[in-house]
Amino acid sequence: MRETVLKDIFRAVLGTSAAVLLYSLAGSAGPSVLVVLNAFSVVVVTFSVRRGEVFGAFLGTACGLAQDAFSLSVFGLAGLTKTLLGFFTGYVARRIDISPFPRAGAFLLVVSTLELGAWMLLSAVVRQEPVNLHGGLILLQPPVTALLGVALIAAERRILARRRET
């Protein structure tokens with residue numbers, strides 16, 4: 001059990017580092033890419049589904065604060081919303097079966113949409129200027145996050161199934 005937790009922590013650190021790298025590269029490609037691709041949310045939902053709500057909440061806090069370090073906005077906004085995303089995703093994923101691809105996709109779409117809604121609501125309360133929707137481009141973030149999250153979960157399941165066969 002302890003070895004598994006340490007492996008998952010190591011993998012979570014690698015995933016967060018990959019998200020930081022991807023976020024840095026995507027930022028240099030153009031700000032519109034950062035609006036659509038939320039690599040930190042993908043990391044949080046992927047690990048939350050597998051490890052549960054406590055792991056998801058802690059990872060969500062770390063990923064959210066890392067994302068906040070990139071922004072010029074209020075520090076802690078993404079940290080709070082990613083914490084809620086990680087907890088809620090892990091909590092619900094432990095109680096319902098999200099194994100089938102369509103169900104997992106729908107579930108991740110719902111939690112990603114809720115995260116974006118929570119972020120927009122908190123941004124509207126905390127910031128003085130209106131929330132920038134980037135011409136509606138920000139509304140593509142939940143489907144992209146859900147699609148990437150389901151793809152990573154499916155890839156992980158295939159890798160684990162192949163390891164069991166050998």
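Only the coordinates and a few stated rules stand behind these numbers; no lab work does. This is a predicted model, so every value here is computed, not measured. Because the Cβ atoms are built from the backbone with ideal geometry, glycine has one as well, and the counts that use them run over all protein chains shown.
Data for the structure
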read-out	value
The chain: calculated mean residue ellipticity at 222 nm from DSSP helix runs of at least 4, using -39500 (n - 2.57)	-28000 deg cm²/dmol
Helix axis angle, 53-70 relative to the chain longest principal axis, alpha carbon, degrees	40
Extension gain (nm, one decimal) between Phe75 and Ala155, 0.36 nm per residue minus Cα-Cα	25.5 nm
Reduced Cα scattering model of region 59-123, Debye log10 I(q)/I(0), q = 0.14, 0.16, 0.29 Å⁻¹	-0.43, -0.54, -1.18
Candidates Leu37, Leu133, Leu122, ranked by Gaussian network fluctuation over the chain, Cα under 10 Å, top entry	Leu133
Calculated from backbone phi, Karplus (6.51, -1.76, 1.60) coupling profile of region 110-118 in Hz, x at Gly/Pro	5, 5, 5, 5, 4, 5, 4, x, 5
Candidates Leu80, Leu140, Leu114, ranked by Gaussian network fluctuation over the chain, Cα under 10 Å, top entry	Leu140
Label point distance in nm, Leu114-Phe101, each placed 7 Å from Cα along Cα→Cβ	2.5
Estimated FRET transfer efficiency (Val125, Tyr91; beta-carbon r; R0 25 Å; 0.05)	0.55
Extension gain from Ala18 to Leu147, taking 0.36 nm per residue of separation minus the Cα-Cα distance	44.7 nm
J(HN,Hα) series, region 35-46, from Karplus relation 6.51 cos²θ - 1.76 cosθ + 1.60, nearest Hz, glycine and proline x	6, 8, 9, 10, 4, 5, 5, 4, 4, 5, 5, 5
Residue-wise HN-Hα coupling along region 6-20, computed from phi with Karplus coefficients 6.51, -1.76, 1.60 (Hz; x: Gly, Pro)	5, 5, 5, 5, 4, 5, 5, 5, 5, x, 5, 5, 5, 5, 4
Span from the region 89-161 Cα centroid across to the region 24-71 one, whole angstrom	11
